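Following: one structure in structure tokens, then a few remarks.
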Amino acid sequence: MENSRIISNFFSESQINKIYDYVNSCPIEKIVNNKRVGQQLYYIPAFDMRESRDSDLWDTVEKKAFENSGKNLKILGIQFCRYTLDTGVTPSLSPHYDVAFDKEVLTLDIQLKKFIVGDWPIVVEKEKYILQDNQALIFSGTHEVHWREKRTFAKGEYLDMIFAHLCDPDSDDIKDSHKTNMKIKSNYYLKMWEMERA
């Protein structure tokens, strides 16, 4: 796709309340600390196609993806994540592309609620995006290098996000040459990012 843009008013108020009902009822043993990037990842069965998915939320994600890409894409997965110092590390997201997928994937980074002072921009191929609550950034996670600017988190600050990944199951697999090019590009941006100050 390689046509990043921000989508406003992503979920309805009732949908956001429902999401937080899922979050607040998530058992502690289903919350995993990703210490590599400072995320708490919540396992929510309603977001998982293997279990009882929430068709209301899934339909909204697929509808918004179609409206903004023109493609009928199917969800591969949805994940609720909280960036927080409670993981034991400072949240930090370095330049990367999404290597876990065999086909081109459209990514929706949906900001639910921000409890941090100031902004924490997402950067996609040098283009900076600042999300407000209930806005989503749409881009190709497999075809565009993306990251967060460095910032220092204060105690008690956190940021709630939903990540949704979608693809066309009938599309061609990603070629090895693309993976090689993306790795070179990621390393280029990573070197610049490492020289930045928080």
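Bear in mind these aren't lab numbers, they're just calculated from the coordinates by the rules spelled out. Bear in mind the structure is a predicted one, so any value in this text is a computation, not a measurement. With ideal geometry, Cβ positions are generated from the backbone for all residues, glycine too; neighbour counts draw on all protein chains shown.
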>> Using the Cα centre of the chain as the reference point, and only Cβ charges (+1 on K/R, -1 on D/E), how large is the resulting charge dipole? Debye, rounded to the nearest 20.
In response: 700 debye
> Top mean-square fluctuation among ILE130, ILE122, ILE78, Gaussian network model of the chain, C-alpha springs under 10 Å?
Replying inline: ILE130
> Using a simple spin-label model with points 7 Å from Cα along the Cα→Cβ vector, what separation in nm is obtained for GLU127 and ALA154?
Replying inline: 3.3 nm
> Applying the Karplus parametrisation 6.51 cos²θ - 1.76 cosθ + 1.60 with θ = phi - 60° to the phi angles of the stretch 27-38, what ³J(HN,Hα) value in whole Hz is obtained for each residue in order, glycine and proline being reported as x?
Replying inline: x, 4, 6, 9, 10, 10, 8, 8, 6, 5, 10, x
> Leaving out same-chain residues fewer than 8 places away, which aspartates and glutamates sit with a Cα under 15 Å from that of LYS155?
Replying inline: ASP86
>> I need LEU166, LEU137, LEU85 ordered by Cβ neighbour count within 10 Å, fewest first.
In response: LEU85, LEU137, LEU166
> From the list (i) 28; (ii) 25; (iii) 16, can you say which value of percent of Cα pairs over 27 Å apart was derived from the structure given?
Replying inline: (i)
>> At R0 = 30 Å, how high is the FRET efficiency between SER12 and GLN79 if r is their beta carbon distance? Nearest 0.05 is fine.
In response: 0.90
>> Cross-link candidates for LYS74: which lysines have Cα within less than 16 Å, leaving aside residues fewer than 8 places away along the same chain?
In response: LYS63, LYS64, LYS103
> Which of the aspartates and glutamates could a cross-linker bridge to LYS114, judged by Cα under 12 Å and excluding same-chain residues fewer than eight apart?
Replying inline: ASP133, GLU157, ASP160
>> Expected output is a single nm value to one decimal: the length gained when fully extending between LYS30 and PHE66, i.e. 0.36 nm times separation in residues minus the C-alpha distance. What is it?
In response: 9.8 nm
> Label-point separation (nm) for VAL23 and ASN187, each offset 7 Å from Cα along Cα-to-Cβ?
Replying inline: 3.8 nm
